[in-house]
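Just so you know, all these numbers are worked out from the coordinates, no wet-lab data involved. Keep in mind that what you see is a predicted model, and the values were worked out from it rather than measured. All Cβ positions, glycine included, derive from the backbone under ideal geometry; neighbour counts span all protein chains shown.
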Amino acid sequence: MKIKYPQLLPVAALAALLFLLDASYFTIDQRVTGVVLQFGQILRVEAEPGFHWRIPWVQTLKKFDARLLPAESGMQPITTKDQRALQVAAYAKWRIRDVAVFYRATAGQLRSTDLISKGLGRALTSELSTHTLQDAVSADGAMLAALKQATAEQTQDLGVEIVDVQLKSIDLPKDNDYTEAVYDRMRAERQRVAADVRAQGSEEAQKIRAEADGTAQTVLADAYRSAEQLRGEGDAKATEIYAKAYGQDPEFFAFYRSLNAYRASFKDKQDVLVLEPKGHFFKYFKDEGSGK
């Protein structure tokens, strides 16, 4: 059985159509940004994730990573402000900010990390030369912020954003005595900071104790004043009651006071009191009825 060529035309046309469709679309995910080129010139930038179209064989596509990327400067010879020779390495985290600018700056080459590394190296050399060895070793936030800014200035024509810059390693001079002196100064500085913190804490503690003592004295004074006032009111009330009782029955009142005097004088069995029996104190011992 012979197959006639006209019967194959629909199949060939369908295959050509599918091939054309496959060459006409591309996908962009959230990790990349695409640049559509036409005859080597940037036609448009595709950053939205999903399917996109192009004219096959006329328009080409380059994809660039949209994530944070690392770059290292390598060991850089640096002379510090105090004329100390160091070997310092740093690393940076960066991302592409403007894909079109980045593409033009790198001439379409994806070896952009080398350009970032070189810019980081130049920034590291220029910035650390204005700091002392101790500043470089301590690597405080102000110095790192200045280093990040210098790196951003060195790479501003690349269309990138410098997110972070940190020192990776520092090789100190081989002079052991000097290295030990640096460490001693660092220890002294940390001890000074610790002493300042302890002094501030001690001052705050003394202030709190003084306030607490003042509050306690105020509370005690108020309590003592209230107690004296209540005691005075109680004494006045007792005197008033004694006066009324005396006015109602003077003889009973005298007898009651004598009993209290006897109780206070003979409260212990060992107490001895030498008095003349005829004295006024034993008045109610002699005659309970009449008190004479």
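Compute the length gained on full extension between VAL219 and GLN38: take 0.36 nm times their separation in residues and subtract their Cα-Cα distance, giving the result in nm to one decimal.
Working: separation 181, 0.36 × 181 = 65.16 nm, distance 8.80 nm.
So the extension gain works out to 56.4 nm.
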Can you compute the modelled spin-label distance between ASP82 and LEU61, with each label point 7 Å from Cα toward Cβ, in nm? 5.7 nm
Under 5 Å from the placed amide H of VAL163, counting only residues 5+ away or on other chains, we find LYS93, TRP94, ARG95
First check a/c for the stretch 69-173, with a ≥ b ≥ c the square roots of the eigenvalues of its C-alpha gyration tensor; if it is under 1.5, answer rounded, and if not, answer prolate when a/b is larger than b/c or oblate otherwise. prolate
Would you list ILE116, ILE42 from fewest to most Cβ contacts within 10 Å? ILE42, ILE116
What does the charge dipole of the stretch 175-248 about its Cα centre add up to, to the nearest 20 debye, if the Cβ of each Lys and Arg holds +1 and the Cβ of each Asp and Glu holds -1? 440 debye
Per-residue Cβ contact counts at 10 Å, fewest first, order ARG44, ARG31 as ARG31, ARG44
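Do you know the relative contact order of the stretch 69-173, to the nearest whole percent, from alpha carbon pairs under 8 angstrom that are 6+ apart? Present the calculation step by step, with values, prior to reporting the outcome.
Details: 186 pairs, mean separation 43.6, N = 105.
This gives 41 percent for the stretch 69-173.
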With θ set to phi - 60°, apply the Karplus curve 6.51 cos²θ - 1.76 cosθ + 1.60 along the stretch 34-41 and write out the HN-Hα couplings as whole Hz, x wherever there is a Gly or Pro. x, 10, 8, 10, 10, 6, x, 9
Given Cβ charges of +1 for Lys and Arg and -1 for Asp and Glu, the option among PHE102, GLY119, ALA71 whose Cα lies farthest towards the positive end of the dipole of the stretch 69-173 is PHE102
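Show me 82-92, 228-238 ranked by packing, highest mean number of other Cβ atoms within 10 Å first.
Details: 82-92: 17.5, 228-238: 10.0.
Packing proxy ranking, top to bottom: 82-92, 228-238.
Give me ILE162, ILE170, ILE241, ILE96 sorted ascending by neighbouring Cβ count inside 10 Å, so fewest comes first.
ILE241, ILE170, ILE96, ILE162
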Expressed in Å to one decimal, the Kirkwood Rh of the stretch 175-248 from all distinct alpha-carbon pairs is 18.3 Å
